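Taking it in order: structure first as structure tokens, then the write-up.
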Ligand code: SAH
Ligand code: SF4
Ligand code: F3S
């Protein structure tokens with residue numbers, strides 16, 4: 001028997017890349033690869049890249065610079081670039097970086113085994129097409145990796161929204177929803193392998209409109225209700241959502257489906273109508289707030305999370321103040337905020353940028369407010385009991401780490417705790433990024 005080749009994948013960016021990396025590993029598993037977490041041992045290194053904010057390509061080139069000595073020492077080592085930078089700048093990477101053997105975009109990685117064979121034979125390979133066939137239907141499946149308690153499941157890809165700042169519609173292509181029957185069987189398979197919580201993924205996951213087994217188009221709410229019927233699947237989450245796709249049936253599902261967790265990541269980007277318009281978000285602040293009201297009516301304990309961009313072209317002090325007011329009005333459980341970064345090829349990239357000092361100051365002010373809210377939200381959990389799904393042992397003896405239904409990280413102690421258990425935990429303390437408690 002030949003020794004298996006080793007594959008090292010480094011993943012950047014969003015959860016969809018995490019999912020894609022798992023699938024690429026499985027696909028190459030069919031060609032005899034096993035995973036390694038040491039780049040030094042690898043026969044193939046894949047960088048699964050992200051293009052969402054600036055310096056994405058620079059990061060790739062500097063990582064390649066670090067990898068070059070490995071390749072010099074072992075010319076047999078193959079290096080590949082996957083993901084959204086590959087899609088955006090694949091040809092350029094091939095030209096600039098001779099250490100790279102292959103470039104594969106997010107929609108063509110089902111062709112990775114064939115590309116691997118080609119580079120093994122001494123060639124180079126680039127594939128950044130948007131193919132007509134569904135990659136998920138054509139992915140070879142090698143031996144499957146051991147699963148943890150939680151898993152991602154990509155149900156929808158791409159984006160047709162074209163927010164003025166965003167590269168996703170260009171790197172991931174048009175919105176495509178996977179057929180519901182495939183997702184149900186993939187979910188059942190995950191649950192059979194021990195998964196208890198599934199997070200449904202999509203760049204616009206709530207825009208899901210895949211074909212149902214009945215031949216009709218299913219909404220995300222329909223899919224969630226169907227998944228909820230799988231025995232042993234205790235928790236469902238989904239991310240990322242666009243406010244304009246929060247349909248009535250999805251809002252209703254939050255009040256009715258008990259395995260749908262009371263946590264929602266619903267980015268709004270700005271609290272200024274003028275900026276929302278300039279961003280092409282196609283909704284107002286009032287509409288966003290009205291939507292949250294409806295959600296909180298059916299699910300009063302819903303924990304909200306969001307994304308914000310500061311310093312979008314044209315953002316004045318007054319606009320930024322409105323973002324702060326919106327954050328104060330909503331009360332986020334957690335939120336992510338980013339300095340605006342001009343992305344080549346997007347409409348906003350043509351507009352004049354604000355000084356970096358302004359961006360820095362606004363980011364700091366916003367993050368201070370968000371941190372304050374996050375701490376307060378966590379502090380409010382102290383003394384309460386929450387359900388925690390345990391994932392792995394903690395650093396201290398007898399300690400187990402898991403997530404609450406509101407997605408807090410919880411460190412708990414108690415008798416007979418094991419990964420995979422869903423237990424009631426009394427929260428006793430709040431640290432900056434986690435809660436501590438005792439299983440009851
Ligand atoms: N589909 C999701 C967002 C995906 S990108 C949605 O519409 O909500 C994740 C986050 O990155 C965005 O919500 C936005 O806050 C941030 N982002 C995207 N492009 C950016 C840019 N050019 N500069 C700064 N932040 C950006
Ligand atoms: Fe990007 Fe907007 Fe699409 Fe989200 S909705 S992925 S921010 S274009
Ligand atoms: Fe990044 Fe591509 Fe995800 S640009 S955020 S890896 S969709």
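Under the rule a/c < 1.5 gives rounded, and otherwise a/b versus b/c splits prolate from oblate, where does segment 152-212 land using the Cα gyration tensor? Prolate. Label-to-label distance, residue 141 versus residue 371, with points set 7 angstrom from Cα along the beta-carbon direction: 4.6 nm. Both the radius of gyration and Dmax for segment 5-135 are 13.2, 40 Å, in that order, over alpha-carbon atoms.
Say we join alpha carbon atoms closer than 10 Å with springs in a Gaussian network model of the chain; which of 358, 103, 224 then has the biggest fluctuation? Among 358, 103, 224, the largest GNM mean-square fluctuation belongs to 358.
Rounded to 0.05, the FRET efficiency of the residue 189 and residue 399 pair, given R0 = 35 Å and the Cβ-Cβ distance, is 0.65. Its relative contact order, with pairs defined as Cα atoms under 8 Å and 6+ residues apart, puts segment 147-261 at 27 percent.
Here the contact order of segment 385-439, divided by its residue count and restricted to Cα pairs under 8 Å and six or more residues apart, works out to 36 percent. The rule of thumb for compact globular proteins, 2.2 N^0.38 Å, goes into the C-alpha radius of gyration of the chain 1.01 times.
As a length-normalised measure over Cα pairs under 8 Å and 6 or more apart, the relative contact order of the chain settles at 10 percent.
Compared with the alpha-carbon gap, the fully stretched path from residue 244 to residue 328 is longer by 28.1 nm at 0.36 nm per residue.
What FRET efficiency, computed as 1/(1 + (r/R0)^6) with R0 = 41 Å and r the Cβ-Cβ distance, is obtained for residue 289 and residue 68, rounded to the nearest 0.05? The value I calculate is 0.20. With helices as the sole contributors, the chain gives -10500 deg cm²/dmol at 222 nm; each DSSP H run of n ≥ 4 counts as -39500 (n - 2.57), and the sum is divided by every residue. Over segment 147-261, the reciprocal of the mean inverse Cα-Cα separation, the Kirkwood hydrodynamic radius, stands at 14.3 Å.
Computed from the coordinates by the stated procedures, all read-outs in this text should not be read as laboratory data. It should be emphasised that the depicted structure is a prediction, and the values quoted were computed from it without experimental measurement. Glycine gets a Cβ as well: all are built from the backbone with ideal geometry, and neighbour counts include every protein chain shown.
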